[in-house]
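Everything below concerns the one structure shown next.
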Amino acid sequence: MRYYKHLKPRQITILIILGVVSVVAFILSLIFGSFSIPVLKLLSGNATPLQIEILSQIRGPRVILTIFVGAALGISGAALQGLFRNPLADPGLIGVSAGAALGAVLAIIFPLNVLPEIALGVYAVPLSATVGSGVVIALLFFLTRGFTQAGITYMLLVGIAVNALATVGIGLLTFISTDSQLRGLTFWLMGSFGGARWSLIIPVIFIISLSISFMLAYSRRLDLIQLGESEARRLGVNVRRVKIIIILSAAFMIGASVSLSGIIGFVGLVVPHLVRLIGGPNHTYLLAGSALLGSGIMVLADLTSRIVIQPAELPVGLATSALGAPFFLWLVLRLKKS
Amino acid sequence: MSFIRNSKFALRNINLTVNEGEILAIVGPNGSGKSTLMSLLAGDIRPTGGRIDYGDMPLETWDLSERADYRSMMSQQHIVAYDFTVREIIEMGIVHAQEIMKDRSYSSVVDIIAEMFELTNVLDHSIRSLSGGGQQRVHFARALAQVWQKDSYKDPKFMLLDEPTSNLDLAHEVKTLSLLRNEVRKGLGVLVILHDLNLTAHFADKVAILKNGELVDHGSADEVLTSEILSSVYNLSINVSHEPLRITHF
């Protein structure tokens with residue numbers, strides 16, 4: 001069945017503006033940092049080899065990763081809020097981020113002790129995080145019999161339990177870590193894009209792009225789910241398939257994102273709300289808008305975290321949570337009023 | 001067809017047919033199995049015994065999108081998550097977009113249906129800003145949009161309506177049922193649960209009475225809505241006078 005996707009002129013304008021903002025943020029983020037790169041010199045071909053090296057090998061991949069992670073967090077939040085018909089849903093809520101975090105922390109505390117011959121090197125932490133999120137997805141899948149059983153509340157409760165377990169694991173590992181491990185671990189838990197390298201980000205970009213395209217294809221079906229699951233089924237929507245596609249896409253993209261950037265809170269929760277507030281709730285617009293705004297906000301947050309206390313770097317997760325938490329509180333109060 | 005829930009018959013040996021171009025009304029006391037019957041007919045749940053056919057084919061052989069094309073269903077309660085406009089809600093009903101787009105623009109279909117339900121002025125309002133009755137009319141409009149055809153129903157189309165006018169005032173109730181009557185004249189088939197027996201007598205071509213999950217009687221309104229049957233079904237002394245058919249219980 002072909003569903004008609006409707007974008008209002010106003011929504012198209014908003015999407016274009018969000019796109020332009022993201023592109024501007026992207027360019028600013030390439031130029032500024034602890035080592036600034038003059039654009040004119042670069043364009044006229046007079047940049048020093050060091051400047052080119054920094055741009056192409058350090059800052060370039062970093063900013064590109066930031067864009068993709070921001071888009072992943074924004075669109076996953078929007079899609080999960082739609083699927084769960086709950087404005088407080090968030091990728092963190094179903095436990096996937098926590099699973100990835102536990103995996104990463106394991107790899108930091110036990111660096112290749114198990115298999116010393118296999119030199120995983122820089123891949124150890126991201127791989128372990130991906131495995132962690134994969135385990136959580138599998139657990140969710142089995143506990144909810146393929147995401148169908150007992151509805152959304154059940155799944156959120158399972159997510160809360162998984163989150164709690166992962167937190168215990170992280171706590172224990174923190175307890176037994178050495179001082180130097182603790183430092184790396186803390187920084188990772190607060191989120192950072194500092195570790196981006198081309199070799200690491202290419203698989204992540206691939207996973208995120210694929211997941212985003214899956215989600216966009218299901219945007220109209222998410223609209224119909226807002227009438228209720230049984231109502232959507234009567235309108236011809238295979239609700240079970242939508243659940244599987246949306247949850248797996250979100251889980252893979254969040255797992256992949258967290259594996260490289262650590263835990264970045266509140267973007268997935270707050271961005272869809274902003275996008276909905278300015279342009280409406282239909283998902284054809286909302287998913288695209290959340291991906292764009294997520295990218296823009298994330299790039300700016302990363303830029304801020306790089307330039308506030310030069311040459312040091314503030315963990316980007318701190319910046320997003322500091323802004324996101326008060327907004328979240330405002331949202332809760334607003335919901336209570338209405 | 002039968003349906004067993006918690007090892008008790010919720011519906012037992014129900015045998016009904018609704019044809020194109022007619023309204024079959026289902027009446028009966030609370031808990032008699034009317035809404036369960038609707039859910040079975042919509043394909044939400046499967047009968048424990050017997051079978052349901054859409055046209056000549058068993059319901060199970062129709063996939064979800066074919067079912068959506070063949071019948072729409074309006075349930076009693078609607079809770080829409082997020083703040084959609086009335087236009088957006090009606091648009092959600094248009095699931096066979098390709099077919100409709102062939103000869104007219106998509107939004108004009110929404111406009112025609114909105115006008116039928118007197119919703120034109122509120123098309124761009126949030127559905128949450130409407131009264132309960134207003135919201136019910138929007139969902140009725142959406143259910144009609146799902147199967148609506150302009151001049152006549154060339155392909156068989158059906159609507160399943162579970163108390164579609166329960167929140168409407170008298171004037172809107174009569175108007176809404178009249179416009180439904182008009183669609184039925186064009187060939188739409190309707191199965192509707194109603195509580196008001198006088199409205200049933202006026203609008204239904206056929207009436208089926210359910211009690212305790214069993215079909216007490218079915219046939220034309222004149223045949224079925226008699227004081228003996230109604231008094232025994234509702235345990236209340238009910239008088240019926242004919243020409244015009246009037247049902248009173250005071």
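The values are calculated or read from the model by the stated rules, or taken from the named source; none is laboratory data. Keep in mind it's a predicted model, so treat the numbers as computed, not measured. Note that we place each Cβ from the backbone using ideal geometry, even for glycine, and neighbour counts take in every protein chain shown.
Could you grab me the full set of residues in segment B:38-67 that are more than 20 Å from B:Asn19 (Cβ to Cβ), part of a loop (DSSP other than H, G, I, E, B) and more than 7 Å from chain A (Cβ to nearest Cβ)?
Here is the first cut: in segment B:38-67, the ones more than 20 Å from B:Asn19 (Cβ to Cβ) are B:39, B:44-49, B:60-61, B:63-65.
The next check asks that each one be part of a loop (DSSP other than H, G, I, E, B); those that pass are B:44-48, B:63.
The answer is B:Ile45, B:Arg46, B:Pro47, B:Thr48, B:Asp63.
Could you go through segment B:68-81 and let me know if any residue there is surrounded by 22 or more Cβ atoms within 10 Å (Cβ to Cβ), within 14 Å of another protein chain (Cβ to nearest Cβ), of a type in the set (Ser, Thr, Tyr) and not in a helix (DSSP H, G or I).
The answer is yes, given that some residue of segment B:68-81 is surrounded by 22 or more Cβ atoms within 10 Å (Cβ to Cβ), within 14 Å of another protein chain (Cβ to nearest Cβ), of a type in the set (Ser, Thr, Tyr) and not in a helix (DSSP H, G or I).
Right, A:Gly74: within 14 Å of chain B (Cβ to nearest Cβ) and in a helix (DSSP H, G or I) or not?
No, not satisfied.
Given the structure, is B:Leu41 within 17 Å of B:Leu161 (Cα to Cα), out of contact with any helix residue (DSSP H, G or I) (no Cβ under 6 Å at 6 or more places or on another chain), surrounded by 12 or more Cβ atoms within 10 Å (Cβ to Cβ) and at pLDDT 90 or above? Give the derivation first.
Values: within 17 Å of B:Leu161 (Cα to Cα): yes; out of contact with any helix residue (DSSP H, G or I) (no Cβ under 6 Å at 6 or more places or on another chain): yes; surrounded by 12 or more Cβ atoms within 10 Å (Cβ to Cβ): yes; at pLDDT 90 or above: yes.
For B:Leu41, the condition - within 17 Å of B:Leu161 (Cα to Cα), out of contact with any helix residue (DSSP H, G or I) (no Cβ under 6 Å at 6 or more places or on another chain), surrounded by 12 or more Cβ atoms within 10 Å (Cβ to Cβ) and at pLDDT 90 or above - is met.
Every residue in segment B:158-186 that is assigned to a helix (DSSP H, G or I), within 12 Å of the chain's Cα centre (by Cα) and among the acidic types (Asp, Glu), please.
Selection gives nothing.
In segment A:8-18, what count of residues is obtained for those that are loosely packed, with under 15 Cβ neighbours inside 10 Å and either in contact with a helix residue (DSSP H, G or I) (Cβ under 8 Å, 6 or more places away or on another chain) or among the acidic types (Asp, Glu) (or both)?
Counting residues in segment A:8-18 that are loosely packed, with under 15 Cβ neighbours inside 10 Å and either in contact with a helix residue (DSSP H, G or I) (Cβ under 8 Å, 6 or more places away or on another chain) or among the acidic types (Asp, Glu) (or both) gives 1.
How do the helices (runs of 4 or more DSSP H) wholly within segment A:188-245 filter down when requiring 2 or more residues that are without any contact (Cβ under 8 Å) to a residue 24 or more places away in the chain: which remain? Break it down stepwise before answering.
Working: elements: A:198-217, A:219-225, A:229-234.
Where helices (runs of 4 or more DSSP H) fall fully within segment A:188-245 and carry at least 2 residues being without any contact (Cβ under 8 Å) to a residue 24 or more places away in the chain, they are A:198-217, A:229-234.
Those residues that are in contact with a helix residue (DSSP H, G or I) (Cβ under 7 Å, 6 or more places away or on another chain) and more than 15 Å from A:Val332 (Cα to Cα), I need them from segment A:272-282; list them, please. Don't jump to the end; show me each part of the working.
Let us first name the residues in segment A:272-282 that are in contact with a helix residue (DSSP H, G or I) (Cβ under 7 Å, 6 or more places away or on another chain), namely A:272-276, A:278-280, A:282.
Hits for segment A:272-282 are A:Val275, A:Arg276, A:Ile278, A:Gly279, A:Gly280, A:Asn282.
Sort out which residues of segment B:161-188 are farther than 24 Å from B:Leu37 by Cα and of a type in the set (S, T, N, Q), and write them in order of number. Give the steps one after another, and end with the answer.
The first filter runs over segment B:161-188 and keeps only residues farther than 24 Å from B:Leu37 by Cα, leaving B:169-172, B:174-175, B:178-179, B:182, B:185-186.
Those that are farther than 24 Å from B:Leu37 by Cα and of a type in the set (S, T, N, Q): B:Ser178, B:Asn182.
Can you confirm whether segment B:45-66 contains a residue that is surrounded by 16 or more Cβ atoms within 10 Å (Cβ to Cβ), of a type in the set (Val, Ile, Thr) and under 29 Å from B:Gly133 (Cα atoms)?
no
For segment A:283-291, does any single residue satisfy the condition of being crowded, with 23+ Cβ neighbours inside 10 Å and modelled with pLDDT under 90?
Restricting attention to segment A:283-291, the residues satisfying the condition of being crowded, with 23+ Cβ neighbours inside 10 Å are A:283, A:285-291.
Subsequent filtering for residues that are modelled with pLDDT under 90 retains none.
Among the residues of segment A:283-291, not one is crowded, with 23+ Cβ neighbours inside 10 Å and modelled with pLDDT under 90, which makes the answer no.
Among what's in segment A:256-301 and is touching a Phe, Trp or Tyr at 6+ places or on another chain (Cβ under 6 Å) and farther than 20 Å from A:Leu189 by Cα, pick the residue that is nearest to the other protein chains (Cβ to nearest Cβ).
The residue in question is A:Pro281.
So which of A:Val21, A:Val39 ends up being surrounded by 15 or more Cβ atoms within 10 Å (Cβ to Cβ), farther than 30 Å from B:Gly93 by Cβ and not aromatic (Phe, Trp, Tyr)? Lay out the reasoning, then the answer.
Values: A:Val39 fails: surrounded by 15 or more Cβ atoms within 10 Å (Cβ to Cβ).
Exactly one residue qualifies, and that residue is A:Val21.
Between a first residue in segment A:35-59 that is part of a helix (DSSP H, G or I) and a second residue that is modelled with pLDDT of 75 or more and loosely packed, with under 12 Cβ neighbours inside 10 Å, which pairs have beta carbons less than 8 Å apart while being 6 or more apart in sequence or on different chains?
The qualifying pairs do not exist here.
Here are B:Val216, B:Val147, B:Val184: which of them is away from chain A (no Cβ under 14 Å) and in contact with a Leu (Cβ under 8 Å, 6 or more places away or on another chain)?
Values: B:Val147 fails: away from chain A (no Cβ under 14 Å); B:Val184 fails: in contact with a Leu (Cβ under 8 Å, 6 or more places away or on another chain).
Testing whether each residue is away from chain A (no Cβ under 14 Å) and in contact with a Leu (Cβ under 8 Å, 6 or more places away or on another chain) leaves just B:Val216.
Tally the residues that are among the hydroxyl-bearing types (Ser, Thr, Tyr), more than 14 Å from chain B (Cβ to nearest Cβ) and surrounded by 18 or more Cβ atoms within 10 Å (Cβ to Cβ), restricting the search to segment A:197-224.
So the first thing to find is which residues in segment A:197-224 are among the hydroxyl-bearing types (Ser, Thr, Tyr), and the list is A:199, A:209, A:211, A:213, A:218-219.
Now drop any that are not more than 14 Å from chain B (Cβ to nearest Cβ), which leaves A:199, A:209, A:211, A:213, A:218.
Applying the additional criterion that residues be surrounded by 18 or more Cβ atoms within 10 Å (Cβ to Cβ) yields A:211, A:218.
Adding up the residues that qualify gives 2.
Hey, does segment B:12-30 have a residue that's within 14 Å of chain A (Cβ to nearest Cβ) and within 30 Å of B:His218 (Cβ to Cβ)? Give the steps one after another, and end with the answer.
Filtering segment B:12-30 down to residues within 14 Å of chain A (Cβ to nearest Cβ) leaves none.
Looking through segment B:12-30, none of the residues is within 14 Å of chain A (Cβ to nearest Cβ) and within 30 Å of B:His218 (Cβ to Cβ).
Report yes if A:Pro311 is over 17 Å from the mean Cα position of the chain (by Cα) and buried (at least 24 other Cβ atoms within 10 Å of the Cβ), otherwise no. Walk me through it before giving the result.
On the way: over 17 Å from the mean Cα position of the chain (by Cα): yes; buried (at least 24 other Cβ atoms within 10 Å of the Cβ): no.
When the stated conditions are applied, A:Pro311 does not pass them.
Within segment A:225-246, identify whether any single residue is away from chain B (no Cβ under 14 Å) and either of a type in the set (S, T, N, Q) or more than 22 Å from A:Ile137 (Cα to Cα) (or both), and answer yes or no.
No, that holds for no residue.
When you scan segment B:197-216, do you find a residue that is surrounded by 14 or more Cβ atoms within 10 Å (Cβ to Cβ), more than 28 Å from B:Gln146 (Cα to Cα), among the acidic types (Asp, Glu) and touching a helix residue (DSSP H, G or I) at 6+ places or on another chain (Cβ under 6 Å), even just one?
no
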